[in-house]
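Visitor: One structure follows; several queries about it will come next.
Quick note: the coordinates plus some simple rules give every number you see, no bench work behind them. Just so it is clear, the structure is predicted and the values come from calculations on it, not from any experiment. Positions of Cβ are backbone-derived with ideal geometry, glycine not excepted, and every protein chain shown enters the neighbour counts.
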Ligand SMILES: [Zn+2]
């Protein structure tokens, strides 16, 4: 049973408004505020998994070895950075 965040906000807002209008239902006033806070918390918690889900899909790609700035040493074929001036493995000069 999944209650959407707006249901908490509506129910909480309604409860707060009614108890505030009646005036004699102080406990419902605070309960309504709690509902609204819970609804907002739910909204923020629900907003995060969408972003968190996007990351594993990128993680599953075999991009670990395919670095955008990666190159291969012409001498030893070691994976090096295109910004390296010398090969980290054999020390050959890569750039002038
Ligand atoms: Zn090398």
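Visitor: State, to one decimal in nm, how far the label point of residue 37 lies from the label point of residue 3, with both points 7 Å from Cα in the Cβ direction.
Guide: With each label placed 7 Å out from Cα toward Cβ, I get 1.6 nm.
Visitor: Same structure again: Going by average Cβ density within 10 Å per residue, which order do the peptides 85-92, 9-16 take, highest to lowest?
Guide: Packing proxy ranking, top to bottom: 9-16, 85-92.
Visitor: What nm distance separates the two modelled labels at residue 14 and residue 79, each placed 7 Å from Cα along Cα→Cβ?
Guide: In this crude spin-label approximation the distance works out to 5.7 nm.
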